[in-house]
Amino acid sequence: MAKIAVVFWSGTGNTEVMANCILDGLKAGGADAELFNVSDFSADKLDSYDKIAFGCPAMGSEELEPDEFEPFFASIEGKLAGKKIALFGSYEWAGEGAGGAWMDSWIERCDKAGASVFEGKGEIAYDNPSEEAQESCKEFGKRFAQ
């Protein structure tokens, strides 16, 4: 059974909804999974998990949240080589169907750090995740649990 951490930041609650759905999917997929707000997780916990799912919404001009999540992620980036990770988050300001540049940049950054990004893409949802988006997050979690 894989031990998996779900580490996220959410300002409006949308990415938190995704995190909880992914957590549900991980557990349904047989993983031993725990949920952490980014402020409750640190680099010293990385090696305690087989896999880690990171969640952050798009902010500003399609970037990671700059005050909490970005400094945290920068602090662990050098420790991601060989780690199995998943990425997820919501976006809003770009309009439905137009978002995703922040996720593409984030994946590229993780690839450069030597991490193994699950499915080579992230799970994204527009605004407040619809029922369909929530189901997609649960399925994403189930697949990541394997």
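Worth a mention:
- Accessible area per residue in Å² at 1.4 Å probe, computed on the chain: 46 Å²
- For I124, the solvent-accessible surface with a 1.4 Å probe is about 70 Å², rounded to the nearest 10.
- The chain - Rg over Rh from alpha carbon coordinates, Kirkwood radius: 0.92
- Every helix of 4 or more DSSP H residues in the chain counts as -39500 (n - 2.57), and over all residues that averages to -11000 deg cm²/dmol at 222 nm.
- Share of carbon and sulfur in the accessible area of the chain stands at 44%, probe radius 1.4 Å.
- Label separation (K27 vs E135): 2.1 nm, computed from points 7 Å beyond Cα along the C-beta direction.
- By the rule of a second cysteine Cβ within less than 4.7 angstrom, the chain holds isolated cysteines at C56, C110.
- Percentage relative contact order, the chain, counting C-alpha pairs under 8 Å, at least six apart: 33 percent
- Stokes-Einstein D in µm²/s, Kirkwood radius over Cα pairs - the stretch 20-105 at 4 °C with 1.567 mPa s viscosity: 91 µm²/s
The values are calculated or read from the model by the stated rules, or taken from the named source; none is laboratory data. These numbers come from a predicted model, not from an experiment. When we count neighbours, we look across all protein chains shown, and the Cβ atoms used for this are built from the backbone with ideal geometry, even at glycine. These accessible areas exclude ligands, DNA and RNA; they are computed on the full protein's heavy atoms, side chains included. Shrake-Rupley method; radii C 1.70, N 1.55, O 1.52, S 1.80 Å.
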